[in-house]
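Some notes on the structure that comes next.
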Amino acid sequence: MRVKFWGTRGSIPTPEPTAMRYGGDTSCVEIRAGSTLLILDAGTGIRKLGYTLMSDPFFKGKGYIFLSHFHWDHIQGIPFFQPGFVPGNEFSIHGAFKVDSRLEDALRGQMGSLYFPVKMSDMPSSVHFIELLEETITLGDCIVTSRFLNHPQGAFGYRVEDENAVVAYATDNEPWPDRHKDQKLHELAQDADLLIMDAQFTPEDYEAHRGWGHSTWRDCVEVAKAAGVKMLCLFHHDPYREDDVIDQYLELARREFPNTIAASRELTLELPMEDRLTPRPLPDAKPVPRSGPIEKRAEGPDTSGGSWKPEGRDVGAVLFIGSPPNLSLLNSRVFHEAVLSKLKPSQRRVVLDMEALAYIDSAGIGSLALLFEALKKKGLELALCNVSKAILGVLDITRFTTIIKVFNSADDAARI
Ligand SMILES: [Zn+2]
Ligand SMILES: [Zn+2]
């Protein structure tokens, strides 16, 4: 596996001589695994990657782009990505599913006529948009696992593995105040050959920036040690940090974790650094092969085959529906009609009691969205109660909680 850094800077490009050694372009990392091209983030660094690919005989016109999130420093290079303007080229852009905004809209928006003269739809290459939840997928020679990080508006970290090496990419992340929530980051980083991690702040200036969604070199060292990574790479350098200053805290980090580097302009790493005989996937990874470029989420007929029927329970103006054993059972017109048929004219709220559910996956999120839409069309409200903390976390990050009311208890949900 080969890893090359095209953009290392956080927040905004820094085209200053004093920042050139570590680099002035914003986040973009190229990964080559066999014949598979992965691009992690599309900050301004993707511009130079793009024109390098134009003359690369090994580039076959196809690549997979994974966006951590949609802040400018992670998407701003897309309009200048030359291979996107070549007919016949094909790119799949992956990013987090959010219930109130589409990945496609987020990227088309930055190329709206107010901001840019060329529309994304005018890019002649074939571009597919794939929305992910926390999951593990196989793409070409790679397995990619996504996990949510702690960042304003949410961000994804990715773990990329091929048969030889593992790279964890965790930029734009602030340690949770409740440290056990950092478990997801540790899952991504576990035993990785290389951990590329947000080191925007120093421990000294972190306090003044608490809540901004970034970590320090010391946080990186802690994760690297705890997760047993081989090499730590400090990334997403603060735009106000000159090269000499990065040198200083790199030195401090090395005292605590000797195998630390700082991402620098066009740095290229060949992994593994030492021979490794067997790949080490996540212990519970369940790769989902993706045959086509686009996954349609949670649509179509009910294929669950289950015989579960919604049991309605009237409480005044509210209809309660007990949670099904599997949320994908909500994903059928038959189910939606059954719910609607149980509603009395005075009832405007349908409450799904989630007590029996311990987790939610992408199919479940899609099913909830479809039920929400079916009820909304009739002017009805969907609400949830008895939601576990784990599910609530996913609903928060996918912005579901901005459109669906979540009540602590059935009693609270029954009050209108
Ligand atoms: Zn950023
Ligand atoms: Zn950000």
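Every read-out reported here was derived from the displayed coordinates using simple, explicitly stated rules and does not represent laboratory data. Note that the coordinates shown come from a computational prediction; the quantities given were computed from them, not determined experimentally. Reconstructed Cβ throughout: ideal geometry from the backbone, glycine too, with neighbour counts over all protein chains shown.
For this structure, a couple of remarks:
- Put in line by how crowded their Cβ is, counting other Cβ atoms within 10 Å and starting with the fewest, SER362, SER27 read SER362, SER27.
- Percent RCO, i.e. relative contact order, over the chain, from Cα pairs under 8 Å lying at least 6 residues apart: 14
- Principal semi-axes in Å for the chain [√(5λ), Cα gyration tensor, largest first]: 40, 24, 20
- At an R0 of 25 angstrom, the distance between the Cβ atoms of TRP212 and ALA358 translates into a FRET efficiency of 0.15.
- Counting 0.36 nm for each residue step from GLU90 to GLN183 and taking away their Cα separation leaves a gain of 30.0 nm.
- Protection proxy ranking, peptides 127-134, 165-172, 243-250, average beta carbon neighbours within 10 Å, highest first: 165-172, 127-134, 243-250
- Cα-based convex hull, the stretch 312-414, per residue volume (Å³, whole number): 86
- Extending 7 Å from the Cα toward the beta-carbon at both GLU266 and GLU135 defines two label points whose distance is 3.8 nm.
- Taking each of LYS98/LYS378; LYS344/LYS389; LYS181/LYS377; LYS181/LYS405; LYS119/LYS377; LYS4/LYS184 in turn, the alpha-carbon distance tops 30 angstrom for LYS344/LYS389; LYS181/LYS377; LYS119/LYS377.
- For ARG108 and PHE80, the difference between the fully extended length at 0.36 nm per residue and the C-alpha to C-alpha distance is 8.7 nm.
- Note on LYS378/GLU16: beta-carbon distance plugged into 1/(1 + (r/R0)^6) with R0 of 60 Å gives a FRET efficiency of 0.55.
- Directionally averaged shadow of the stretch 5-121, computed from the convex hull of its alpha-carbon atoms, nm²: 8.1
- Charge dipole (Cα centre; +1 on Lys/Arg Cβ, -1 on Asp/Glu Cβ; no other charges) of the stretch 100-157 amounts to roughly 180 debye.
- The simple spin-label model puts a point 7 Å past each Cα toward its Cβ; for GLN153 and ASP412 those points are separated by 2.9 nm.
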